[in-house]
Amino acid sequence: RANEGWDINYGSDKNNPSVLAQGGENLKVAKTHAYIVKLNLTTAGKYTYTMEETNIEVSSTELSVPGSYQGWNPTAKSAYRLESKSRDFQYTGIYYYPANTEFKLYDDGKWLGSRGEVKWNEDKTKAEFDLGEGDKGDNIKFTEGGWYRITANTKKMVASVAKTGWGIVGDATPGGWDKDQMMTYNPETKKWSITITMVDGEFKFRWDASWEKNLGGALSGLTDGGDNIKIGAGTYLIELDPEAKTATVTEQ
């Protein structure tokens, strides 16, 4: 199907099994195996596909993250999920975790925890660790509440965590356009804030230090991918409401 919707989808043509039909019947898989599936759209009206068995290993599509924040139930909807869209044993996900949260990873019946030391950086915003299965893996703990990106590679059995969220970036900030200044999240108001000294210049808001999701333009009505925001030199309290797409800048 196209664009993750059902408006354009192709299945089996019951009158001619060698080609696909718009809105056709479900395609049957003869046996459980890893396959390379190819779709051929070169001839209009005669689309075809092939399925070839392969020995390429594929991972599960997701890992759950059971922990103290939801009662350690790995299959419950309340357990966060890390995704592996390519099914290449590499998973990632970003969620908010309360202070003192302990957690593990869970992959189709296997519990995965930290094996050995969790190596945090100096300001406790990033950490790396090896993964151990079952009783060889300890709980991982977030002392501070916040939004964290968790990444895991279950082939290499390594993982990392990094504090993330909304930040400001621009030539008006201490880090220029190369390094985001992370904002502080308030879980009660769901707003973000930072007190920062700026120079004459411009800045924008962006999520997870990536341009894939950024806000700019007028503070009273920020827009996705909007214009840079101009600001003069000074120390400011900057507050962001990403749901309402509004922000305030108050000189201190």
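The values are calculated or read from the model by the stated rules, or taken from the named source; none is laboratory data. Keep in mind the model is a prediction, meaning the values are calculated, not measured. Don't worry about glycine lacking a Cβ; one is built from the backbone with ideal geometry, like all the others, and counts go over all protein chains shown. Just so you know, the surface numbers come from the protein's heavy atoms only, side chains and all, with ligands and any DNA or RNA stripped out. Shrake-Rupley method; radii C 1.70, N 1.55, O 1.52, S 1.80 Å.
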- Mind checking which residues of segment 196-218 are farther than 21 Å from Tyr148 by Cα and open to solvent by 50 Å² or more (accessible area, probe 1.4 Å)? Thr197, Val199, Asp200, Ala218
- Task: Check Ala2, Ala44 and return the single one that is among the small types (Gly, Ala, Ser), part of a loop (DSSP other than H, G, I, E, B), over 30 Å from Thr101 (Cβ atoms) and open to solvent by less than 80 Å² (accessible area, probe 1.4 Å).
- Result: Ala2
- Query: Could you count how many residues in segment 208-241 are of a type in the set (D, E, K, R) and either assigned to a loop (DSSP other than H, G, I, E, B) or on the phi > 0 side of the Ramachandran plot (or both)?
  - Reply: 4
- Query: Under the condition of being more than 30 Å from Ile150 (Cβ to Cβ) and polar (S, T, N, Q), which residue from segment 17-41 is most open to solvent (accessible area, probe 1.4 Å)?
  - Reply: Asn26
- Any idea which residue in segment 51-67 is modelled with the highest pLDDT, counting only those that are more than 21 Å from the chain's Cα centre (by Cα) and either open to solvent by less than 80 Å² (accessible area, probe 1.4 Å) or closer than 30 Å to Asp138 by Cβ (or both)? Met51
- Item | Selection status of Ser18, assigned to a loop (DSSP other than H, G, I, E, B) and closer than 30 Å to Asn139 by Cβ | no
